Amino acid sequence: MSEGRARVLVVDDEPAILRTLRTNLRGHGFDVETAGNVRDALAEYDRARPDVVLLDLGLPDDDGLVLIRNIRGRAPTPILVVSARDEDRDKVSALDLGADDYLTKPFSVDELLARIRVALRHVARPETGTDAVFEAGDLRVDLGRRDVRVGARGVRLTPTEYDLLKALITHPGRVLTFSMLLRQVWGPGYSSEGHYLHVYIARLRKKLEDDPQAPRWILSEPGVGYRFRAEGP
Amino acid sequence: MGAVALVTLFIGSVLGGAHFANASMLYLVAVLISAIAFGRGPAIVASVAAFVAFDWSFVEPLHQFTVADPEQYVSLLLFLLVAAVTSQLAADQRSRTAQALDREREAIILADIAGLTAAPDLGASLVAAAARIQQELDVAAVGILLRGQLPVIAPFSSDVDRLFRGASSAPANALSPGTAASATAAGRPGRWVRVVSPLARDERARTRLHSVAIDAGGAPAGSLLVLRRAGTAPFRAAEDRLLAATAAQIGLAVDRARLRDEATESEVLRRSDELKTALLGAVSHELRSPLASIMASAGSLRQKDVTWSDAEREEFHEAIEQEVKRLDRLVGELLDLSRIDAGHLVLQRQYHSIDALVDDVLGRLRNATSAHEIRVDVPDDLPPVSVDYLRMDQVLSNLIENAVRYAPAGTLIEVAARVDADGLRIEITDEGPGIAAEDRETVFEPFRRLRRGDRAIVKGAGLGLAIARRLVEAHGGRIWVEVGPGRGARFAITLPLDAEAVPR
């Protein structure tokens, strides 16, 4: 984020949505660049170096997924997919390629703005270092000492539970797909063993959440993965 | 018998008489030769003849059938025994060889038939199999009559056709009363039945007709019919076996063909499913995009944390209005399409003059076409044509709007009409990028949008041409696209002028 104003690159082939988002985001204090296809978007990305990219997948010259791969090859700029495609496999493939979040059209502008803010916070505070202490509400994780507390209560986690929690809190707000989590916690051979993940997520919720049925922190993205919510709902 | 006589002569004249033992050996050779050459029966005859000739010529008293020395009785009887056994062994060997040759031939023919019936085209493989059997068994005709297939008859003649059809409509009803008992076996596979058809005028043909049932997938599927040549012997076991095995092979081929058809059918279903999924995807994209703009603009207007300028508010309002119009048009087109596809389109046909219709359409589209040069070549003396005026207006508007959308500003769009052999022909020609040969059919499918020369997909749901084609076809006409003289696209419509050709 340079000179105080965050720069957003909006990539969509619908002129109407481009106009509306440009006006709205400018009104909310962002610098806005727009592009209508993958080729222009890459050129604009290289020129403007945006802090966050809003990306529609159905672009006229190529698939938006191509753009995700290209941007990931350059920098970890947060990418928010905003698409009419609402199938789980579309979300999973975008997130697996490195998109940070996924919003289905039509969307509420308030939600879009909230997700842009979350994405930008991660840019301001990149992946938490191993010595850091992570705090979200009354959850406190001391990554150096592997110590987890909810309020004053110490929580005992097995090594796998701890690794899973660590994977989630080091990407707060971001949707992590099932296969991403499995690979990160269990290793590359386990990317399709979804049931392991569900069991451990249930255990983590039981140990951390006040009401595991209505979790505060570990949210499900049905059919796609999980997301750690660092701030209040 | 001849061999025995020959041996007797040979011994008498050439050798000038011989020893008793040598003579018996020579007679044994004669018996052996007849066994090998002629089989069991002649061998026995030869054995007895040799015995008698030997007794007559070499056993004392000579030239009498009596035996002087009782010891020679034993020799004579031993000779007869050896002759009989040897001849039977030789005859057995002969028939085994013949059987082996038969089996080999059967195996070769069956392998051929299996190969022929394995071909993907069932009809062609049946024709080949029938011809092969006909040639191999040297019979008058072979027929393969299967349910749901054209009868295959080799070689074809209408007499044989009638005979075979009569026989295959057996067992019970086509048979004369006296043959009812054998008819009951007609349904069983591999059983030989002599089917007698009252339809066969040739009385002798009835006795030469053989039928083998063909089963496929455990159910009767038809029959294999063979008509022997007049005057030939009834089939032997080898031929029976061959025909039964051929019928089984044909049954397998029928089964395979059915499975193949089923596989093809499921492939067609899968593709149509894929198409539906693609359509659903396209519809949801086309509906959600304007909804997204509407929701984002409305949401923006509602936000309290920003004070929007008048210009900004106006922009949001305008976006909402435009996108609502776009949605409305899309919904209308989707309804049109589903109404037509469901057969609910009712045309309000009346005779109209086409030049008035073209004038109306161009007048209404004056704003949209202002950036292009429009040329109209529609004579005012064209015969009136029976059309639903509003629907044909929709078709022409769609085509002209399309031309405007794809052809660069300043280029020529020509609307022409004339009478030709197919009726009234209307052409809309532009100087845009044209349509590639491979896209000239698919442009009429729903949700197809072509890329313009600059690779941008032109806006619109891609339903206009799909609707236009359906409307023109509902009028009994045709619509297609070809290359115009300026390498642009030329959409051509023909409408029937003859009232008879107009579907009601």
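What to note about this one:
- Selection of first residues in the range A:19-31 that are facing chain B (nearest Cβ under 7 Å) and of second residues that are surrounded by fewer than 23 Cβ atoms within 10 Å (Cβ to Cβ) and among the acidic types (D, E), restricted to Cβ pairs under 6 Å at least 6 apart or on distinct chains, gives the following pairs, ordered by first then second residue: A:T23/B:E312; A:T23/B:E315.
- Look at the range A:50-63: where a residue is at the interface with another protein chain (Cβ under 9 Å from one of its Cβ atoms) and farther than 23 Å from A:R7 by Cα and a partner is charged (D, E, K, R) and in a loop (DSSP other than H, G, I, E, B), sitting 6+ places away or on another chain with Cβ atoms under 8 Å, you get A:P60/A:D13; A:P60/B:R455; A:D61/B:R455.
- Taking the conditions (1) farther than 30 Å from B:L32 by Cα; (2) more than 48 Å from the chain's Cα centre (by Cα) in turn, B:D112 satisfies each one other than (2).
- The condition of being away from chain A (no Cβ under 14 Å), assigned to a helix (DSSP H, G or I), touching a helix residue (DSSP H, G or I) at 6+ places or on another chain (Cβ under 8 Å) and among the hydrophobic types (A, V, I, L, M, F, W, C) holds for only one of B:L291, B:L357, that being B:L357.
- Taking the numbered list (1) in contact with a Phe, Trp or Tyr (Cβ under 7 Å, 6 or more places away or on another chain); (2) at the interface with chain B (Cβ under 9 Å from one of its Cβ atoms); (3) more than 17 Å from B:H285 (Cβ to Cβ) in turn, A:V82 passes all entries but (3).
- Scope the range B:371-408; condition of a type in the set (A, V, I, L, M, F, W, C), part of a loop (DSSP other than H, G, I, E, B) and either at pLDDT 95 or above or more than 16 Å from B:A489 (Cβ to Cβ) (or both); matching residues: B:A371, B:V378, B:L382
- Residue count for the range B:135-152, restricted to those that are free of Cβ contacts under 8 Å to residues at least 24 places away in the same chain and either assigned to a strand (DSSP E or B) or touching a strand residue (DSSP E or B) at 6+ places or on another chain (Cβ under 6 Å) (or both): 1.
- Exclusive hit being touching a residue at least 60 places away in the same chain (Cβ under 8 Å) and either away from chain A (no Cβ under 11 Å) or under 30 Å from B:R469 (Cα atoms) (or both), set B:L335, B:L330: B:L330
- Residue match in the range B:320-340 (condition: surrounded by fewer than 17 Cβ atoms within 10 Å (Cβ to Cβ), more than 29 Å from B:I294 (Cα to Cα) and not hydrophobic (A, V, I, L, M, F, W, C)): no
- Sub-7 Å Cβ pairs linking a first residue in the range A:99-114 that is within 12 Å of chain B (Cβ to nearest Cβ) and assigned to a loop (DSSP other than H, G, I, E, B) to a second residue that is basic (K, R) and surrounded by 18 or more Cβ atoms within 10 Å (Cβ to Cβ), at least 6 apart or interchain, are A:K105/B:R288; A:P106/B:R288, ordered by first then second residue.
- All positions within the range A:1-17 that are within 14 Å of chain B (Cβ to nearest Cβ), crowded, with 20+ Cβ neighbours inside 10 Å and either within 17 Å of B:I320 (Cα to Cα) or modelled with pLDDT under 90 (or both): A:D13, A:E14, A:A16, A:I17
- If only residues of the range B:421-456 that are modelled with pLDDT under 90 and over 29 Å from B:A282 (Cβ atoms) are counted, the one that is farthest from the other protein chains (Cβ to nearest Cβ) is B:A421.
- Contact map, the range B:421-449: residues that are over 26 Å from B:D498 (Cα atoms) and buried (at least 17 other Cβ atoms within 10 Å of the Cβ) paired with residues that are aromatic (F, W, Y) and at pLDDT below 90, Cβ distance under 7 Å, separation 6+ or inter-chain. Pairs shown: B:D430/B:Y406; B:G432/B:Y406; B:P433/B:Y406.
- All positions within the range B:44-98 that are buried (at least 17 other Cβ atoms within 10 Å of the Cβ) and over 20 Å from B:N22 (Cα atoms): B:I44, B:A90, B:A91, B:R94
The values are calculated or read from the model by the stated rules, or taken from the named source; none is laboratory data. Note that the structure is predicted; figures quoted are calculated from it, not measured. Note: ideal-geometry Cβ built from the backbone for every residue, glycine included; neighbour counts use all protein chains shown.
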